[in-house]
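The values are calculated or read from the model by the stated rules, or taken from the named source; none is laboratory data. Values in this document were obtained by computation on a predicted structure and should not be read as measured data. Cβ sites come from the backbone with ideal geometry, for glycine too, and all protein chains shown count toward neighbours. The area values use the complete protein model at the heavy-atom level, side chains included, leaving out ligands, DNA and RNA. Shrake-Rupley method; radii C 1.70, N 1.55, O 1.52, S 1.80 Å.
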Amino acid sequence: MLSGVCAVAVAAGLLAAVPGAGDAGDYWMRAEARFAPPTAFIRSAAVTYEPDLVPAASWIRVSQRTVPSGATTVELRVSGVRPGHEFGVQVHRRPCGADPAAAGGRYQHVPGGGADHVSAANEVWLDFTANGRGAGLASVRHDWGFRQGEASSVVIQDAPGAGGVPVACFTVPFGWVAGTS
């Protein structure tokens with residue numbers, strides 16, 4: 001059964017990165033996958049570290065749209081996660097790995113180590129509470145865009161805000177618009 005779940009995870013991976021989609025100079029991307037454990041025979045871009053909260057075969061989709069001014073909207077949709085649970089989600093700097101730490105630190109518009117840098121205004125937070133069927137949705141818009149190559153994944157945490165423990169990760173091909181950030 002696990003190999004079937006993992007095969008679905010790979011088959012469900014969809015990527016559409018279309019510079020210029022919509023208005024001239026826009027960047028638009030959508031990626032989706034099914035979660036699999038890091039030890040799965042067939043790897044997935046979506047990794048679950050805590051299957052009680054994010055079971056194997058649960059689903060995630062992340063989309064991004066950045067316009068020429070740099071304004072960026074990121075949307076997250078999930079299904080199959082623990083119903084009624086509150087999750088924290090942030091964009092991280094590196095791709096997912098078998099170890100949750102592989103995703104590196106959170107992406108920050110203005111990088112820094114102080115508490116004033118850790119905020120929903122300076123980072124991309126997509127916190128949500130799963131409904132009774134285990135589905136969730138979150139969206140955020142910032143007036144700034146990602147720097148080239150510095151945003152690579154979304155990490156789902158066991159609690160909203162900045163203090164949760166990573167329970168899942170999804171490698172996402174975030175993009176940028178030249179001349180912005």
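Just to be sure, is Asn131 in a loop (DSSP other than H, G, I, E, B) and closer than 20 Å to Ala57 by Cβ?
Numbers: in a loop (DSSP other than H, G, I, E, B): yes; closer than 20 Å to Ala57 by Cβ: yes.
When the stated conditions are applied, Asn131 passes them.
Any residue at all in the stretch 112-124 that's surrounded by fewer than 18 Cβ atoms within 10 Å (Cβ to Cβ), in a strand (DSSP E or B) and of a type in the set (S, T, N, Q)? Checked the stretch 112-124: no residue is surrounded by fewer than 18 Cβ atoms within 10 Å (Cβ to Cβ), in a strand (DSSP E or B) and of a type in the set (S, T, N, Q). Arg43 meets all of the listed conditions (1) under 26 Å from Asn122 (Cα atoms); (2) among the basic types (Lys, Arg); (3) part of a loop (DSSP other than H, G, I, E, B) but one, namely (1). Of the listed requirements (1) loosely packed, with under 15 Cβ neighbours inside 10 Å; (2) free of Cβ contacts under 8 Å to residues at least 24 places away in the same chain, Gln108 misses just one: (1).
As for the stretch 151-161, it holds no residue that is open to solvent by 20 Å² or more (accessible area, probe 1.4 Å), farther than 26 Å from Thr48 by Cβ and out of contact with any helix residue (DSSP H, G or I) (no Cβ under 8 Å at 6 or more places or on another chain).
Going through Asp158, Asp116, Asp143 one at a time, which residue ends up being charged (D, E, K, R) and either in contact with an Asp or Glu (Cβ under 9 Å, 6 or more places away or on another chain) or closer than 23 Å to Ala40 by Cβ (or both)? Please lay out each step first, then the result.
Numbers: Asp116 fails: either in contact with an Asp or Glu (Cβ under 9 Å, 6 or more places away or on another chain) or closer than 23 Å to Ala40 by Cβ (or both); Asp143 fails: either in contact with an Asp or Glu (Cβ under 9 Å, 6 or more places away or on another chain) or closer than 23 Å to Ala40 by Cβ (or both).
Every option except Asp158 fails the conditions.
Looking only at residues in the stretch 166-178 that are over 14 Å from the mean Cα position of the chain (by Cα) and either touching a residue at least 60 places away in the same chain (Cβ under 8 Å) or assigned to a strand (DSSP E or B) (or both), the one that is nearest to Pro38 (Cα to Cα) is Trp176. Scanning the stretch 56-74 for residues that are within 17 Å of Phe128 (Cα to Cα), open to solvent by 10 Å² or more (accessible area, probe 1.4 Å) and either outside any strand (DSSP E or B) or of a type in the set (S, T, N, Q) (or both) yields Ser63, Thr73. Summed over the stretch 41-53, the residues that are closer than 20 Å to Val172 by Cα and modelled with pLDDT of 95 or more give a count of 7.
Can you find, within the stretch 134-146, the residue that is surrounded by the most Cβ atoms within 10 Å (Cβ to Cβ) among those that are in contact with a Phe, Trp or Tyr (Cβ under 6 Å, 6 or more places away or on another chain) and in a loop (DSSP other than H, G, I, E, B)? Step by step, filter the stretch 134-146, then rank; the result is Phe146.
Hey, can you tell me all the residues within the stretch 21-55 that are of a type in the set (A, V, I, L, M) and crowded, with 17+ Cβ neighbours inside 10 Å?
The initial filter retains those residues of the stretch 21-55 that are of a type in the set (A, V, I, L, M), namely 21, 24, 29, 31, 33, 36, 40, 42, 45-47, 53-54.
Listed by number, the residues that qualify are Met29, Ala31, Ala33, Ala36, Ala40, Ala45, Ala46, Val47, Leu53, Val54.
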